[in-house]
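Participant: Would you mind keeping the following structure in view while I ask a few things?
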Amino acid sequence: MVGKIVDLTAEIYDCAPTMPMDPKCSVIEHCNLDTLGYNLSRLTLSTHQGTHMDAQFHFFNNGETIDKINLSRCIVRAFKVDITYKKTKEAIIVEDLLKYESLIDKGLSPLLYTGWDKLYPKKEYFTDFPYISKELAEWFVKKKISLLGLDLPCPNITDWKIIHEMLLGNSVIIVEGLVNMEELGDEEFTLYTLPLKIKGRDGSPVRAIAIKDS
């Protein structure tokens, strides 16, 4: 028997919002029981739609692609970082993580819980979120974390390129767009974030779940 499963994955549906410059999401009927005898849908979406994983190739032409990420790196022991006190467009800084430093030093992966997923699908979800400071990104790299989870659409709305390059360039997997983290307690858990095997590309939607120990 496994512990309680918490689904951390956002829904994918027709016209689901995404970042302004990204491809629009389309989920439409291709055929049904009356036309061809079975139900089948056509799916068009970004590799970074909803809850998704960034691979190095997202920002480095010679970087690791999503299909080459060892799946053992996508199954990690993790914990929730409760920073729901962060305000709109406020920086998430090193001091916000210091109380969790011992868990990070044990090799656990941090999931930053701001509660921002509750603003989806409002426009502000993509523009006004709290953001990871450059100093915190440097601190994560120094701590050699293997995976960083966020309930945000992006680590940083202005310095997005720098933050992505710092993390991905140092082999930190980034999982963005997590939801439902309020269902996680203070205890550590096992996180599964398995990407689609999209050959030679930059990222993938994931089905993210946490399995509690009890």
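Read-outs throughout are calculated quantities, based only on the coordinates presented, and are distinct from any laboratory measurement. In this text, all values refer to a predicted model and were calculated from it rather than measured experimentally. Every residue, glycine among them, receives a Cβ derived from its backbone with ideal geometry; neighbour counts consider all protein chains shown.
Participant: Over the chain, what is the relative contact order in whole percent, taking alpha-carbon pairs under 8 Å and six or more residues apart?
Facilitator: That works out to 33 percent.
Participant: I need the calculated FRET efficiency for the pair K122 and L43, taking r as the beta carbon distance and R₀ as 25 Å, to the nearest 0.05.
Facilitator: Computed FRET efficiency for K122 and L43 comes out at 0.55.
Participant: Helix 134-143 against the longest principal axis of the chain: what's the angle in degrees, Cα atoms only, rounded to the nearest 10?
Facilitator: Rounded to the nearest ten degrees, it is 80.
Participant: Taking the Cα centre of the chain as the origin and placing charges on Cβ (Lys, Arg +1; Asp, Glu -1), which of F189, L111, T47 is farthest toward the positive end of the dipole?
Facilitator: The Cα lying farthest towards the positive end belongs to T47.
Participant: For the chain, modelled as a Gaussian network with Cα springs under 10 Å, which listed residue fluctuates most, P23, P195, P130?
Facilitator: P23
Participant: If the only charges are +1 at each Lys and Arg Cβ and -1 at each Asp and Glu Cβ, what is the size of the charge dipole of the chain around the Cα centre, to the nearest 20 debye?
Facilitator: 440
Participant: Please compute the length gained on full extension between K161 and T84, using 0.36 nm multiplied by the number of residues separating them and subtracting their Cα-Cα distance.
Facilitator: 25.3 nm
Participant: Please check: in the Gaussian network model of the chain (C-alpha springs, under 10 Å), which one of D151, D82, D22 has the largest mean-square fluctuation.
Facilitator: It is D22.
Participant: Now, a different point. When the helices in the chain are scored as -39500 (n - 2.57) per DSSP H run of 4 or longer and the sum is shared across all residues, what 222 nm value do you end up with, to the nearest 500 deg cm²/dmol?
Facilitator: That calculation yields -3000 deg cm²/dmol at 222 nm.
Participant: Here's another thing I want to ask about it. If you build a Gaussian network model of the chain, linking Cα atoms that sit under 10 Å apart, which residue out of H58, H30, H48 swings the most?
Facilitator: Checking each option, the largest mean-square fluctuation is seen for H30.
Participant: Out of all Cα-Cα pairs in the chain, roughly what percent, to the nearest whole number, are more than 26 Å apart?
Facilitator: Tail fraction, whole percent: 33.
Participant: Let a ≥ b ≥ c be the square roots of the eigenvalues of the Cα gyration tensor of the range 1-67; is it rounded (a/c under 1.5), or, if not, prolate (a/b larger than b/c) or oblate?
Facilitator: It is oblate, given that a/c is not under 1.5 and a/b is not larger than b/c.
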